[in-house]
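For reference, the structure is listed below as structure tokens.
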Amino acid sequence: MDALTIGTIIKILIILAIVSAIAGFGTYIERKVLAFMQRRLGPMHVGPFGLLQIAADGIKLFTKEDIIPQNANKFIFSLAPVITAATAFIAMAALPLFPTFTIPKSLPVIGGAIVPSTVADINIGILFILGTMAAGLYGPLLAGMAQSNKWGIIGSARTAVQFLSYEVVTGLSVLAPIMLVGSLSMIDFNDAQAGGITSWLIWQQPIAFVLFLIAGFAETNRTPFDLLEHEAEIVSGYLTEYSGLRWGMFFIGEYANMITISIIAAVVFCGGYNDLAFISGWFLFVLKVVFFFFLMLWARAAWPHVRPDQMMWLCWKVLMPLAVINILITGIVVML
Amino acid sequence: MFEQIAFYFFSVLTIGLFLVAVFSKNVLYAMTSLASGMVVIAGFFFLVGADFLGVVQLIVYVGAVMALYAFGMMFFNVTKNLKEKTTSTGWVLIVGVTAALLMTLMFLGAINPDAIYASLPMSDKMTNPEAVGMALFTKYLVPFEVAAVMLLIAMIGGIVLAGKKMDTSLTDIKDEVLQLKDEE
């Protein structure tokens, strides 16, 4: 096998291992951050600072009894969590994570392998990522419909509503930076912002950036828009009948999607993995992704939920016209 | 070699999924196989190197079938099997014969490969989205614009049909007024 193939396989393994691990660790971070913002301690008892809580939770999820409700459609019920988890990782195939690097020749077996920055450098990267993430919404939809539970049905109805609302905003908000860069490839987005902090697209497209973040919150169903599993209103929505590992798969999918949205925001708007003065690019990239991840937790601690009708009102009557006006202005500027 | 294996894999999968979509009595199975069939079709586009069209297929049909699900949710109990009332033999005959004719035409095309050629062949200089844009805005400009007008008409029609009581928002009405309206 040539160096690039081995490198790609290594990259795939890295993504699968690290992102799954981060998804687990993310639950701990989320609980701690929320706890500090609400002046509590969070998990403290298992291990130092409650760090082993993740392992305890993992053991609990693995050993729980797998229950499928009697009247549920068993095939679709077990298919739904797989869709969410799988699409979240498929979307990562086109994401650039870190610059391309070569493993030193001195290492055995894998020495000399070229690890590319993306697994599949297709020239339509951003569309592919958004499309696959959109397909991931079939997980909650099918889960809610298959479990023959009223809360589940309401949850999946809200999934459809939420999907049809934010999807337009996501597409339109990303369109403006695409017009400026003139390419759909994530690598081109990164290279277009190589000229230091002033070349970041966020300064040219502040409106698109904010719109994308809002739509991204809706896409990963994070708190201001987590209509699908609103505990106070519909018990747990599409997750009501799920437990154990199937529930865990939804969870991993959701956290992987949060990481994906953070990475898109970092690459498209905030300079990607370019070096900045003396700071190396990969470190800065991790910092940016961590910041966007933290932003999602921060928003969860600071804002209440919205109602479904408020969500639709916001998406169709405020965000979509703003996005269209933004595209019009960008188009005129590009033409001049 | 790899392309051929992938092609036959996707073909069998697509035909199988759409057969389930047609013959299944369960709304949930039918719609799920329809959605997955549409996603699998995107695989064919990726196989022939038309990445852009593949992703467009994915995005458009994921959204469209999602709307179908919403209707399915409102009209049927999705966990039970559906009893279809009428099966008109006349229609089955007409559709069957038309499908057979179409299949024959397709196979005729495969027998005589010279009859199939690209009127706007891809050049290596253009990326995928550029090639699609070139085809849409030069050779197929008129159909493109006609389709745009048709979509605009559909949108206006939808707004006119659905927007009869849009000036009053149900969420803004006070509870007492709503009760009065119920009693009327």
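The values are calculated or read from the model by the stated rules, or taken from the named source; none is laboratory data. Values in this document were obtained by computation on a predicted structure and should not be read as measured data. Reconstructed Cβ throughout: ideal geometry from the backbone, glycine too, with neighbour counts over all protein chains shown.
A single entry from A:Tyr238, A:Tyr242 fulfils the requirement of being in contact with a Leu (Cβ under 8 Å, 6 or more places away or on another chain), crowded, with 22+ Cβ neighbours inside 10 Å and not polar (S, T, N, Q): A:Tyr238. Could you list all residues from the stretch A:133-152 that are assigned to a helix (DSSP H, G or I) and within 7 Å of chain B (Cβ to nearest Cβ)? Selection gives A:Ala134, A:Ala135, A:Tyr138, A:Leu141, A:Leu142, A:Met145, A:Ala146.
Residues in the stretch A:153-193 that are acidic (Asp, Glu) and away from chain B (no Cβ under 13 Å): A:Asp191 only.
In summary, B:Gly49 fulfils each of the numbered conditions (1) more than 9 Å from every other protein chain (Cβ to nearest Cβ); (2) part of a helix (DSSP H, G or I) with the single exception of condition (2).
Only one of A:Val46, A:Val119, A:Val115 is free of Cβ contacts under 8 Å to residues at least 12 places away in the same chain and away from every other protein chain (no Cβ under 12 Å). Can you tell me which? Break it down stepwise before answering.
Values: A:Val119 fails: free of Cβ contacts under 8 Å to residues at least 12 places away in the same chain; A:Val115 fails: free of Cβ contacts under 8 Å to residues at least 12 places away in the same chain.
After applying the criteria, what remains is A:Val46.
Considering the stretch B:110-142 alone, what residues qualify as being among the β-branched types (Val, Ile, Thr), assigned to a helix (DSSP H, G or I) and surrounded by 13 or more Cβ atoms within 10 Å (Cβ to Cβ)? Passing the criteria: only B:Val132.
The residues of the stretch A:76-119 that are at pLDDT 75 or above, over 30 Å from B:Lys80 (Cα atoms) and of a type in the set (Gly, Ala, Ser), listed by number, are A:Ala88, A:Ala91, A:Ala93, A:Ala94.
Applying a threshold of 8 Å to beta carbon distances and a minimum spacing of six or more residues, or different chains, the list of pairs starting in the stretch A:68-79 at a residue that is within 16 Å of A:Tyr138 (Cα to Cα) and ending at one that is small (Gly, Ala, Ser) and not in a helix (DSSP H, G or I) reads A:Asn73/A:Ser148. Do you know which residues across the stretch A:228-272 are modelled with pLDDT under 80, hydrophobic (A, V, I, L, M, F, W, C) and within 24 Å of A:Thr170 (Cβ to Cβ)? If the condition is that a residue be modelled with pLDDT under 80, hydrophobic (A, V, I, L, M, F, W, C) and within 24 Å of A:Thr170 (Cβ to Cβ), then A:Leu228 is the only one that fits.
Can you pull out every residue in the stretch B:61-86 that is modelled with pLDDT of 75 or more and either surrounded by 18 or more Cβ atoms within 10 Å (Cβ to Cβ) or within 9 Å of another protein chain (Cβ to nearest Cβ) (or both)? Residues satisfying the conditions are B:Tyr61, B:Val62, B:Gly63, B:Val65, B:Met66, B:Ala67, B:Tyr69, B:Ala70, B:Gly72, B:Met73, B:Met74. Taken over the stretch A:21-52, the criterion of being at pLDDT 80 or above, surrounded by 12 or more Cβ atoms within 10 Å (Cβ to Cβ) and within 30 Å of A:Ala113 (Cβ to Cβ) is satisfied by A:Ile22, A:Phe25, A:Gly26.
Within the option set A:Ile259, A:Ile279, being hydrophobic (A, V, I, L, M, F, W, C) and buried (at least 20 other Cβ atoms within 10 Å of the Cβ) holds for one residue only, A:Ile259. Scanning the stretch A:263-304 for residues that are in a loop (DSSP other than H, G, I, E, B) and touching a Phe, Trp or Tyr at 6+ places or on another chain (Cβ under 8 Å) yields A:Cys270, A:Gly271, A:Gly272, A:Tyr273. For beta carbons closer than 8 Å, sequence separation of 6+ or different chains, a first residue in the stretch B:24-35 that is more than 7 Å from chain A (Cβ to nearest Cβ) and a second that is of a type in the set (Gly, Ala, Ser) and part of a helix (DSSP H, G or I), the qualifying pairs are B:Ser24/B:Ala30; B:Ser24/B:Ser33; B:Val27/B:Gly72; B:Ala30/B:Ala21; B:Met31/B:Ala21; B:Met31/B:Gly72; B:Ser33/B:Ala21; B:Leu34/B:Ala21. Set side by side, the residues B:Val48, B:Val92, B:Val22, B:Val97 differ, and just one is surrounded by 11 or more Cβ atoms within 10 Å (Cβ to Cβ), among the aliphatic types (A, V, I, L, M) and either modelled with pLDDT of 80 or more or over 20 Å from the mean Cα position of the chain (by Cα) (or both), which is B:Val48.
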